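The values are calculated or read from the model by the stated rules, or taken from the named source; none is laboratory data. On a predicted model such as this, the values are computed, not experimentally measured, just so you know. Because the Cβ atoms are built from the backbone with ideal geometry, glycine has one as well, and the counts that use them run over all protein chains shown. SASA here: full protein model, heavy atoms, side chains in, ligands and nucleic acids out. Shrake-Rupley method; radii C 1.70, N 1.55, O 1.52, S 1.80 Å.
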Amino acid sequence: MNAAAMPTRDNPVALPLDLTGRVVFVAGAGSAGPGWSIGRASSVTYARLGAHVCVVDRDAASAEETTALILAEGGIAHTFVGDVSVDADVVRLFAEARACFGEVDVLHHNVGIGKVGGPLETSTEDFDHIHAVNVRSLLLATQQVLPSMVARGSGSILAISSIAAMRYVGYPHLAYSVTKAAVAHFIRMLAQQYAGSGVRANTVVPGLIDTPRIVTTVAKMFSDTNLEDARVARARQVPMGRMGTAWDVAHACAFLASDAAGYITGTELVVDGGITGKFV
Ligand SMILES: NC(=O)c1ccc[n+]([C@@H]2O[C@H](COP(=O)([O-])OP(=O)(O)OC[C@H]3O[C@@H](n4cnc5c(N)ncnc54)[C@H](O)[C@@H]3O)[C@@H](O)[C@H]2O)c1
(Lines give C-alpha, C1' and ligand atoms only; values in the text may rest on other atoms or scores of the structure.)
Protein backbone atom coordinates (compact mmCIF):
# COMPACT_ATOMS: atom_id res chain seq x y z
CA MET A 1 0.00 0.00 0.00
CA ASN A 2 1.47 3.40 -0.85
CA ALA A 3 1.40 6.29 1.59
CA ALA A 4 -1.60 7.92 -0.08
CA ALA A 5 -3.65 4.74 0.26
CA MET A 6 -2.69 4.22 3.89
CA PRO A 7 -5.58 4.64 6.33
CA THR A 8 -5.14 7.87 8.29
CA ARG A 9 -5.70 8.23 12.03
CA ASP A 10 -9.13 9.75 11.59
CA ASN A 11 -10.31 7.85 8.56
CA PRO A 12 -9.66 4.18 9.21
CA VAL A 13 -10.73 1.43 6.87
CA ALA A 14 -14.33 0.21 7.14
CA LEU A 15 -14.32 -3.26 8.71
CA PRO A 16 -16.59 -6.05 7.44
CA LEU A 17 -17.44 -7.01 11.02
CA ASP A 18 -20.57 -6.82 13.14
CA LEU A 19 -20.86 -6.30 16.90
CA THR A 20 -24.45 -5.07 16.90
CA GLY A 21 -25.85 -5.03 20.44
CA ARG A 22 -22.74 -6.60 22.00
CA VAL A 23 -21.68 -5.11 25.32
CA VAL A 24 -17.96 -4.36 25.24
CA PHE A 25 -16.11 -3.39 28.42
CA VAL A 26 -12.88 -1.54 27.60
CA ALA A 27 -10.65 -1.27 30.68
CA GLY A 28 -8.37 1.69 29.98
CA ALA A 29 -10.40 3.43 27.29
CA GLY A 30 -8.98 6.90 27.87
CA SER A 31 -5.65 8.18 26.65
CA ALA A 32 -2.38 9.30 28.21
CA GLY A 33 -2.60 12.50 26.16
CA PRO A 34 -4.56 14.23 23.42
CA GLY A 35 -5.13 12.02 20.40
CA TRP A 36 -5.74 8.36 19.64
CA SER A 37 -4.68 5.80 22.21
CA ILE A 38 -5.28 2.11 21.58
CA GLY A 39 -8.17 2.01 24.06
CA ARG A 40 -9.81 5.06 22.51
CA ALA A 41 -9.47 3.87 18.91
CA SER A 42 -10.72 0.42 19.93
CA SER A 43 -13.73 1.87 21.75
CA VAL A 44 -14.65 4.00 18.73
CA THR A 45 -14.18 1.00 16.43
CA TYR A 46 -16.42 -1.24 18.57
CA ALA A 47 -19.11 1.45 18.59
CA ARG A 48 -18.88 1.86 14.79
CA LEU A 49 -19.58 -1.88 14.55
CA GLY A 50 -22.74 -1.48 16.64
CA ALA A 51 -21.49 -2.36 20.14
CA HIS A 52 -22.60 -0.78 23.39
CA VAL A 53 -19.30 0.39 24.80
CA CYS A 54 -18.43 0.65 28.50
CA VAL A 55 -15.69 3.28 28.46
CA VAL A 56 -13.70 2.59 31.63
CA ASP A 57 -10.72 4.54 32.92
CA ARG A 58 -9.34 6.01 36.13
CA ASP A 59 -8.96 9.32 34.28
CA ALA A 60 -12.52 10.67 34.12
CA ALA A 61 -11.85 13.51 31.68
CA SER A 62 -10.03 11.28 29.24
CA ALA A 63 -12.74 8.62 29.39
CA GLU A 64 -15.41 11.28 28.83
CA GLU A 65 -13.53 12.40 25.73
CA THR A 66 -13.69 8.86 24.30
CA THR A 67 -17.39 8.60 25.10
CA ALA A 68 -18.05 12.00 23.53
CA LEU A 69 -16.32 10.91 20.30
CA ILE A 70 -18.60 7.85 20.13
CA LEU A 71 -21.78 9.75 20.94
CA ALA A 72 -20.91 12.41 18.36
CA GLU A 73 -20.89 9.68 15.69
CA GLY A 74 -24.27 8.36 16.84
CA GLY A 75 -22.78 5.41 18.70
CA ILE A 76 -23.69 4.00 22.09
CA ALA A 77 -21.30 4.40 25.04
CA HIS A 78 -21.18 5.34 28.69
CA THR A 79 -18.28 6.40 30.93
CA PHE A 80 -17.38 4.46 34.08
CA VAL A 81 -14.61 5.85 36.27
CA GLY A 82 -12.40 3.79 38.56
CA ASP A 83 -9.10 2.03 39.10
CA VAL A 84 -9.24 -1.47 37.61
CA SER A 85 -6.50 -2.74 39.93
CA VAL A 86 -8.60 -2.02 43.04
CA ASP A 87 -11.01 -4.81 44.05
CA ALA A 88 -13.84 -2.57 45.25
CA ASP A 89 -13.63 -0.36 42.16
CA VAL A 90 -13.81 -3.39 39.87
CA VAL A 91 -16.91 -4.77 41.61
CA ARG A 92 -18.57 -1.35 41.38
CA LEU A 93 -17.53 -0.74 37.74
CA PHE A 94 -18.99 -4.03 36.53
CA ALA A 95 -22.16 -3.55 38.60
CA GLU A 96 -22.62 -0.12 37.00
CA ALA A 97 -21.87 -1.48 33.53
CA ARG A 98 -24.39 -4.31 33.95
CA ALA A 99 -27.04 -1.90 35.22
CA CYS A 100 -26.46 0.30 32.18
CA PHE A 101 -26.10 -2.21 29.32
CA GLY A 102 -26.59 -5.75 30.71
CA GLU A 103 -24.04 -8.59 30.82
CA VAL A 104 -20.64 -8.05 29.21
CA ASP A 105 -20.07 -9.95 25.94
CA VAL A 106 -16.53 -8.75 25.27
CA LEU A 107 -13.88 -7.87 27.84
CA HIS A 108 -11.05 -5.81 26.35
CA HIS A 109 -8.29 -5.55 28.95
CA ASN A 110 -6.30 -2.56 27.74
CA VAL A 111 -4.58 -1.04 30.78
CA GLY A 112 -0.82 -1.09 30.85
CA ILE A 113 1.76 0.89 32.80
CA GLY A 114 5.51 0.55 33.15
CA LYS A 115 8.65 2.13 34.49
CA VAL A 116 11.99 2.11 32.72
CA GLY A 117 14.66 0.14 34.55
CA GLY A 118 16.21 -3.28 35.11
CA PRO A 119 16.38 -5.31 38.33
CA LEU A 120 18.62 -2.85 40.16
CA GLU A 121 16.50 0.17 39.22
CA THR A 122 13.10 -1.39 39.97
CA SER A 123 11.85 -1.16 43.55
CA THR A 124 9.66 -3.94 44.89
CA GLU A 125 6.93 -1.32 45.41
CA ASP A 126 7.03 -0.32 41.74
CA PHE A 127 7.17 -3.96 40.67
CA ASP A 128 4.11 -4.83 42.77
CA HIS A 129 2.19 -1.77 41.56
CA ILE A 130 2.91 -2.47 37.88
CA HIS A 131 1.91 -6.09 38.40
CA ALA A 132 -1.33 -5.01 40.09
CA VAL A 133 -2.32 -2.69 37.24
CA ASN A 134 -1.19 -4.91 34.36
CA VAL A 135 -1.97 -8.44 35.60
CA ARG A 136 -3.99 -8.52 38.83
CA SER A 137 -6.57 -6.30 37.13
CA LEU A 138 -7.00 -8.98 34.45
CA LEU A 139 -7.79 -11.57 37.12
CA LEU A 140 -10.30 -9.25 38.79
CA ALA A 141 -12.06 -8.40 35.53
CA THR A 142 -12.09 -12.01 34.32
CA GLN A 143 -13.72 -13.09 37.57
CA GLN A 144 -16.46 -10.55 36.92
CA VAL A 145 -17.33 -11.64 33.38
CA LEU A 146 -16.60 -15.36 33.25
CA PRO A 147 -19.57 -16.81 35.20
CA SER A 148 -22.10 -15.09 32.96
CA MET A 149 -20.16 -15.88 29.77
CA VAL A 150 -20.05 -19.57 30.72
CA ALA A 151 -23.74 -19.57 31.63
CA ARG A 152 -24.60 -18.02 28.25
CA GLY A 153 -22.09 -20.20 26.36
CA SER A 154 -20.39 -17.27 24.68
CA GLY A 155 -17.96 -14.48 25.30
CA SER A 156 -14.69 -13.02 24.10
CA ILE A 157 -11.88 -11.89 26.35
CA LEU A 158 -8.93 -10.10 24.86
CA ALA A 159 -5.92 -8.56 26.48
CA ILE A 160 -3.23 -6.23 25.22
CA SER A 161 0.30 -7.49 25.72
CA SER A 162 3.38 -6.06 23.96
CA ILE A 163 6.32 -7.18 21.89
CA ALA A 164 8.26 -6.33 25.06
CA ALA A 165 6.84 -9.59 26.40
CA MET A 166 8.71 -11.49 23.67
CA ARG A 167 11.91 -9.49 23.03
CA TYR A 168 14.31 -7.04 24.66
CA VAL A 169 13.15 -3.73 23.18
CA GLY A 170 16.49 -1.91 23.35
CA TYR A 171 16.35 -0.48 26.86
CA PRO A 172 15.59 -2.04 30.26
CA HIS A 173 11.84 -2.14 30.88
CA LEU A 174 11.76 -5.11 33.20
CA ALA A 175 8.54 -4.84 35.18
CA TYR A 176 6.52 -3.87 32.13
CA SER A 177 7.93 -6.68 29.99
CA VAL A 178 7.52 -9.37 32.63
CA THR A 179 3.93 -8.38 33.40
CA LYS A 180 3.06 -8.26 29.69
CA ALA A 181 4.41 -11.81 29.35
CA ALA A 182 2.20 -12.78 32.29
CA VAL A 183 -0.82 -11.25 30.56
CA ALA A 184 -0.25 -13.40 27.46
CA HIS A 185 0.17 -16.58 29.50
CA PHE A 186 -2.89 -15.80 31.64
CA ILE A 187 -4.89 -15.64 28.41
CA ARG A 188 -3.40 -18.91 27.11
CA MET A 189 -4.41 -20.68 30.33
CA LEU A 190 -7.88 -19.15 30.31
CA ALA A 191 -8.42 -20.08 26.67
CA GLN A 192 -7.61 -23.74 27.27
CA GLN A 193 -9.74 -24.12 30.37
CA TYR A 194 -12.82 -22.50 28.83
CA ALA A 195 -12.50 -23.53 25.17
CA GLY A 196 -15.38 -25.99 25.60
CA SER A 197 -17.61 -23.40 27.25
CA GLY A 198 -17.93 -21.04 24.31
CA VAL A 199 -15.60 -18.45 25.83
CA ARG A 200 -12.69 -17.38 23.64
CA ALA A 201 -9.59 -15.65 25.02
CA ASN A 202 -6.87 -14.07 22.88
CA THR A 203 -4.01 -11.61 23.16
CA VAL A 204 -3.17 -8.72 20.89
CA VAL A 205 0.55 -7.95 20.82
CA PRO A 206 1.29 -4.42 19.60
CA GLY A 207 4.73 -3.39 18.40
CA LEU A 208 5.87 0.22 18.21
CA ILE A 209 2.59 2.12 18.09
CA ASP A 210 2.31 5.88 17.67
CA THR A 211 0.02 6.75 20.58
CA PRO A 212 0.14 9.85 22.82
CA ARG A 213 1.88 7.90 25.57
CA ILE A 214 4.97 7.11 23.47
CA VAL A 215 6.03 10.74 23.80
CA THR A 216 7.59 9.72 27.12
CA THR A 217 8.78 6.31 25.87
CA VAL A 218 10.63 7.57 22.81
CA ALA A 219 12.14 10.38 24.83
CA LYS A 220 13.70 7.74 27.09
CA MET A 221 14.85 5.51 24.23
CA PHE A 222 16.52 8.26 22.25
CA SER A 223 17.42 10.71 24.99
CA ASP A 224 20.15 12.42 22.97
CA THR A 225 17.77 13.62 20.22
CA ASN A 226 14.69 15.82 20.02
CA LEU A 227 11.26 14.25 20.00
CA GLU A 228 10.63 14.44 16.25
CA ASP A 229 14.02 12.90 15.41
CA ALA A 230 13.32 10.23 18.03
CA ARG A 231 9.97 9.41 16.43
CA VAL A 232 11.64 9.09 13.02
CA ALA A 233 14.34 6.82 14.50
CA ARG A 234 11.66 4.68 16.15
CA ALA A 235 9.79 4.35 12.86
CA ARG A 236 13.01 3.34 11.04
CA GLN A 237 13.38 0.31 13.31
CA VAL A 238 10.23 -1.18 11.81
CA PRO A 239 10.53 -3.19 8.55
CA MET A 240 7.39 -1.46 7.25
CA GLY A 241 9.10 1.89 7.88
CA ARG A 242 6.44 3.34 10.13
CA MET A 243 5.12 3.01 13.64
CA GLY A 244 1.69 1.45 13.87
CA THR A 245 -1.37 3.56 14.55
CA ALA A 246 -3.87 2.95 17.31
CA TRP A 247 -6.27 1.95 14.52
CA ASP A 248 -3.95 -0.85 13.38
CA VAL A 249 -4.30 -2.37 16.84
CA ALA A 250 -8.01 -1.55 17.16
CA HIS A 251 -8.77 -3.45 13.95
CA ALA A 252 -7.06 -6.59 15.29
CA CYS A 253 -9.04 -6.24 18.52
CA ALA A 254 -12.34 -5.84 16.67
CA PHE A 255 -11.64 -8.96 14.63
CA LEU A 256 -10.85 -11.07 17.71
CA ALA A 257 -13.87 -9.66 19.57
CA SER A 258 -16.22 -10.56 16.74
CA ASP A 259 -17.82 -13.81 15.57
CA ALA A 260 -15.50 -13.67 12.54
CA ALA A 261 -12.86 -15.02 14.94
CA GLY A 262 -15.25 -17.68 16.27
CA TYR A 263 -12.71 -20.52 15.86
CA ILE A 264 -9.77 -18.56 17.29
CA THR A 265 -8.83 -18.94 20.93
CA GLY A 266 -5.59 -18.99 22.90
CA THR A 267 -3.61 -17.18 20.25
CA GLU A 268 -1.48 -14.05 20.05
CA LEU A 269 -2.11 -11.67 17.18
CA VAL A 270 1.09 -9.67 16.67
CA VAL A 271 0.53 -6.20 15.18
CA ASP A 272 4.07 -4.94 14.69
CA GLY A 273 4.90 -4.11 11.05
CA GLY A 274 7.28 -7.08 11.06
CA ILE A 275 9.66 -5.93 13.79
CA THR A 276 9.70 -9.10 15.91
CA GLY A 277 10.77 -11.13 12.88
CA LYS A 278 13.88 -9.01 12.43
CA PHE A 279 17.46 -10.00 13.29
CA VAL A 280 18.95 -6.48 13.43
N1 LIG B 1 1.82 2.49 22.49
C2 LIG B 1 2.59 1.46 22.24
O3 LIG B 1 3.59 1.55 21.50
C4 LIG B 1 2.26 0.11 22.84
C5 LIG B 1 3.02 -0.99 22.45
C6 LIG B 1 2.74 -2.23 22.99
C7 LIG B 1 1.72 -2.37 23.90
N8 LIG B 1 0.99 -1.29 24.30
C9 LIG B 1 -0.07 -1.50 25.28
O10 LIG B 1 -1.30 -1.06 24.75
C11 LIG B 1 -2.13 -0.56 25.80
C12 LIG B 1 -2.57 0.85 25.49
O13 LIG B 1 -1.44 1.64 25.21
P14 LIG B 1 -1.55 3.20 24.89
O15 LIG B 1 -0.26 3.59 24.32
O16 LIG B 1 -2.79 3.47 24.14
O17 LIG B 1 -1.61 3.76 26.41
P18 LIG B 1 -2.41 4.87 27.21
O19 LIG B 1 -1.59 5.07 28.45
O20 LIG B 1 -2.70 6.07 26.36
O21 LIG B 1 -3.79 4.19 27.58
C22 LIG B 1 -3.98 3.44 28.73
C23 LIG B 1 -5.18 3.96 29.50
O24 LIG B 1 -5.33 3.14 30.66
C25 LIG B 1 -5.66 3.96 31.76
N26 LIG B 1 -5.26 3.30 33.00
C27 LIG B 1 -4.00 3.03 33.41
N28 LIG B 1 -4.02 2.43 34.59
C29 LIG B 1 -5.34 2.31 34.94
C30 LIG B 1 -6.01 1.77 36.06
N31 LIG B 1 -5.33 1.22 37.07
N32 LIG B 1 -7.36 1.80 36.09
C33 LIG B 1 -8.06 2.34 35.06
N34 LIG B 1 -7.47 2.88 33.98
C35 LIG B 1 -6.13 2.87 33.92
C36 LIG B 1 -4.90 5.27 31.52
O37 LIG B 1 -5.50 6.34 32.23
C38 LIG B 1 -5.01 5.42 30.01
O39 LIG B 1 -6.14 6.18 29.63
C40 LIG B 1 -1.30 -0.69 27.09
O41 LIG B 1 -1.59 -1.91 27.72
C42 LIG B 1 0.11 -0.71 26.56
O43 LIG B 1 1.00 -1.34 27.46
C44 LIG B 1 1.25 -0.05 23.79
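Structure summary
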quantity	calculated
Dipole of region 60-186, positive direction: furthest Cα of 149, 104, 79, with charges on the beta-carbon	149
Selected from 146, 256, 71 as most flexible by GNM, with the chain as the system and alpha-carbon contacts under 10 Å	71
Ranked order, 36, 247 - accessible area, probe 1.4 Å, largest first	36, 247
Accessible area in square angstrom per residue, the chain, 1.4 angstrom probe	45
Portion, in percent, of the accessible area of the chain that falls on carbon or sulfur, probe 1.4 Å	58
Simple Cβ-charge dipole of the chain, Lys/Arg +1 and Asp/Glu -1, about Cα centre, in debye nearest 20	600
Cα pair distances in region 74-203, grouped into 5 Å bins until the bin that holds the longest one, percent each	2, 10, 19, 20, 18, 14, 9, 5, 2, 0, 0
J(HN,Hα) series, region 135-151, from Karplus relation 6.51 cos²θ - 1.76 cosθ + 1.60, nearest Hz, glycine and proline x	10, 4, 4, 5, 5, 4, 5, 4, 4, 6, 9, 4, x, 6, 4, 5, 4
Largest-first ordering by accessible area, 1.4 Å probe, given options 263, 176, 194	263, 194, 176
Computed log₁₀ I(q)/I(0) - Debye formula, equal Cα scatterers, no solvent, region 103-150, q 0.19 Å⁻¹	-0.65
Taking all pairs of distinct alpha-carbon atoms in the chain, Kirkwood radius in angstrom	18.9
Cα radius of gyration and Dmax for region 156-280 (Å)	15.6, 52
